[in-house]
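Worksheet: one structure, shown below.
The values are calculated or read from the model by the stated rules, or taken from the named source; none is laboratory data. Nothing here was measured: the structure is a model prediction, and the numbers come from that model. For neighbour counting, all protein chains shown are included, and Cβ atoms are generated from backbone atoms with ideal geometry for every residue, glycine included.
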Amino acid sequence: MTSGSGGMDTSGSGDIVRTLHLLWDTGPRPSRGPKPGLTLDRIVEAAVRVADAEGLEAVSMRRLSAELGTGTMTLYRYVPGKGELLDLMLDRVQRTDDDPSVYGDDWRSALEALGRENLALYQRHPWLLKANQSRPVLGPGAVEGMEKVISRIKPMGLSDPELVSAVVMIDSYVTGAARTQLYAQEAERTTGLTDTEFWAAQYPVLEKAMASGRYPVMAALSEDSFSADFDHFEFGLQRILDGLAALVTHRRESTPETP
């Protein structure tokens with residue numbers, strides 16, 4: 001994959017026009033190749049499977065040719081390169097459920113569902129957190145998802161830029177939470193220590209520090225303050241929604257009614 005700053009694979013790093021033609025199926029179709037049944041969909045699906053199992057860095061045209069049982073050069077008849085392939089992968093995994101009821105009946109339930117769906121998306125495809133998506137190439141998966149969410153939150157009464165910002169706010173929060181979860185899993189895998197073992201190793205020193213009297217506020221915290229049973233993700237998501245609810249109420253109260 002083409003890398004951007006910090007070695008991250010970057011959306012939009014390929015030929016953007018070619019990528020858009022592939023995403024929206026508006027360009028010329030590849031001539032019939034030597035591998036019957038090989039399609040762009042199969043190539044993208046194989047790339048997603050490899051990334052899910054081994055990470056984005058494992059995805060290469062050579063690896064995909066082995067997965068699909070075809071020559072590497074054959075793949076280039078369907079997709080120009082690895083940069084374009086990344087954008088196809090990103091759009092593929094963003095395809096949403098066709099059932100509109102998943103977003104509930106009001107704006108709050110819609111954003112709530114969006115947050116939980118996005119967290120599940122990052123959990124299914126951890127490699128998404130290793131891709132720089134600051135400038136996404138918008139395909140049908142992304143556009144259809146936005147269409148469904150924006151249509152549900154339109155009654156908030158906010159301006160269009162504010163509606164988009166509300167979606168960005170939720171996604172930014174979820175991305176941070178998902179990254180924290182991913183880092184914790186990677187730490188356990190690389191160190192060989194479970195979370196319980198990690199904190200148990202620190203307990204004797206921290207116990208003495210708390211008993212020193214230098215940290216009275218920390219020492220007075222309840223025993224369950226750092227419990228793994230507390231759902232930090234859900235707590236944070238609800239507080240963001242509470243803040244948006246306050247804004248919605250303020251706008252409605254400050255907007256004069258039309259006679």
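Descriptive notes on the structure:
- Filter result for the condition that a residue is assigned to a helix (DSSP H, G or I), surrounded by 17 or more Cβ atoms within 10 Å (Cβ to Cβ) and β-branched (Val, Ile, Thr), over THR74, THR180, THR96: THR74
- Checking VAL137 against (1) closer than 20 Å to THR19 by Cβ; (2) part of a helix (DSSP H, G or I), the condition it does not meet: (2)
- If you check ALA53, ALA66 for being more than 26 Å from GLY145 (Cα to Cα), out of contact with any His (no Cβ under 8 Å at 6 or more places or on another chain) and at pLDDT 95 or above, only one passes: ALA66.
- Options VAL168, VAL217; residue that is assigned to a helix (DSSP H, G or I), modelled with pLDDT of 95 or more and in the same structural domain as LEU129 (by TED's automatic domain parsing): VAL168
- Pairs are defined by a Cβ separation below 8 Å, a sequence spacing of at least 6 or placement on different chains, a first member in the range 161-186 that is free of Cβ contacts under 8 Å to residues at least 60 places away in the same chain, and a second member that is among the charged types (D, E, K, R) and surrounded by fewer than 15 Cβ atoms within 10 Å (Cβ to Cβ); the pairs so defined are LEU163/LYS154; ALA184/ASP195.
- Single condition ILE240 does not satisfy, out of (1) farther than 24 Å from ALA177 by Cα; (2) of a type in the set (Val, Ile, Thr); (3) surrounded by 11 or more Cβ atoms within 10 Å (Cβ to Cβ): (1)
- Checked against the criteria, GLU84 does not count as surrounded by fewer than 18 Cβ atoms within 10 Å (Cβ to Cβ) and either touching a Lys or Arg at 6+ places or on another chain (Cβ under 9 Å) or closer than 19 Å to LYS130 by Cα (or both).
- Long-range neighbours under 9 Å by Cβ, at least six apart or interchain, first residue at pLDDT below 95 within the range 225-245, second surrounded by fewer than 11 Cβ atoms within 10 Å (Cβ to Cβ) and part of a helix (DSSP H, G or I): ALA228/THR196
- When every residue of the range 45-62 is checked against the conditions, at least one turns out to be within 19 Å of the chain's Cα centre (by Cα), part of a loop (DSSP other than H, G, I, E, B), more than 18 Å from PRO136 (Cα to Cα) and β-branched (Val, Ile, Thr).
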